[in-house]
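Trainee: Structure provided below as C-alpha cells; questions to follow.
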Amino acid sequence: MSDHTKNIVGELKRYDYAIQNLLPSLWLKGFNFAERDQEPEPRDLVMLQCAPQTEWHLSFYVERCTDRDGHVLESLKTGRLCNWSNVDLVIMSREWVSTHRKVRWTDEQFAFEKTFMAESRKANFYMHLPYIERFNGDHAHIGFRVRYGIDSTLTIADPFNIDGSRGDLRCHLWKWFKIHKQKLAMQRSAA
C-alpha cells in the first residue's frame with residue numbers, strides 16, 4: 001500500500017493532535033475565531049458550517065474556486081482535497097492556531113518527533129534539553145536550551161534530514177550538545 005493510499009485510508013496524526021489538543025482547549029477557553037468579515041487565506045484552518053458532517057469538517061483552506069462560488073479545502077483528517085460550495089467557513093484565529101504548530105506537521109514529521117524524543121530520553125541530557133524548533137520540508141531544525149530557565153542561551157543546530165538513521169540523529173544530538181555546552185562555557189568565562 002503506497003503512502004498516499006495510507007493517508008486516504010487512515011487518519012493523519014495531525015488530526016489526532018488537533019482533536020486531542022486543539023479542540024478541547026477550544027471548548028474550555030471558548031471559541032477563538034477570526035472576524036466574520038475576513039476572507040479565508042491559503043493555509044488557514046477552517047471549520048465548515050451549514051454542511052453535513054464529513055472528513056472536511058476541520059480543514060485547511062487551499063483556494064477559492066474561480067469558476068463558481070466555492071472553496072477548495074484540504075481535510076485535516078486525511079489530507080484529501082475537495083471542492084465545497086454553498087457553505088459557510090469559520091476561520092480559526094490565525095494567531096491562536098500559530099501557537100499549535102503541530103497541526104501543520106506531516107505524518108513523517110510526527111514519526112521523526114517520536115524518534116527524536118526516544119533518542120533525547122536515551123541520551124539523558126538533563127540540564128541541556130534538545131527540542132525541535134521547526135521543520136523546513138524534510139529537515140528538522142533542532143535547538144538546545146537550558147532546563148528551568150537558568151540561562152536563556154539557545155543553540156540552534158544545523159538542519160537534520162528527518163529520513164536519517166537513528167544513529168545519525170544520535171551523533172547529531174551529541175555533537176550539538178557539546179557545542180551548546182562550549183557556547184555556555186565561553187559566555188560564562190566572558191562575563
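The values are calculated or read from the model by the stated rules, or taken from the named source; none is laboratory data. Just so you know, these numbers come straight off a predicted model, no measurement behind them. Cβ coordinates were reconstructed from backbone atoms using ideal geometry, including for glycine residues, and neighbour counts include every protein chain displayed.
Trainee: So which residues in the stretch 13-48 are at pLDDT below 65 and of a type in the set (Phe, Trp, Tyr)?
Mentor: Trp27, Phe31, Phe33 - these are the residues of the stretch 13-48 that are at pLDDT below 65 and of a type in the set (Phe, Trp, Tyr).
Trainee: Here are the criteria: (1) in a helix (DSSP H, G or I); (2) modelled with pLDDT under 80; (3) surrounded by 11 or more Cβ atoms within 10 Å (Cβ to Cβ). Tell me which single one Ala51 does not satisfy.
Mentor: With respect to (1) in a helix (DSSP H, G or I); (2) modelled with pLDDT under 80; (3) surrounded by 11 or more Cβ atoms within 10 Å (Cβ to Cβ), Ala51 is out only on (1).
Trainee: Hey, any hits in the stretch 152-166 for a residue that's part of a helix (DSSP H, G or I), closer than 23 Å to Ala111 by Cβ and at pLDDT 85 or above?
Mentor: Looking through the stretch 152-166, at least one residue is part of a helix (DSSP H, G or I), closer than 23 Å to Ala111 by Cβ and at pLDDT 85 or above.
Trainee: In addition: If you scan the stretch 80-137, which residues turn out to be among the aliphatic types (A, V, I, L, M), not assigned by TED's automatic domain parsing to the domain that holds Arg43 and not in a helix (DSSP H, G or I)?
Mentor: Matches in the stretch 80-137: Met127, Leu129, Ile132.
Trainee: Restricting attention to the stretch 143-176, report how many residues are surrounded by fewer than 14 Cβ atoms within 10 Å (Cβ to Cβ), over 11 Å from His128 (Cβ atoms) and basic (Lys, Arg).
Mentor: Result for the stretch 143-176: 2.
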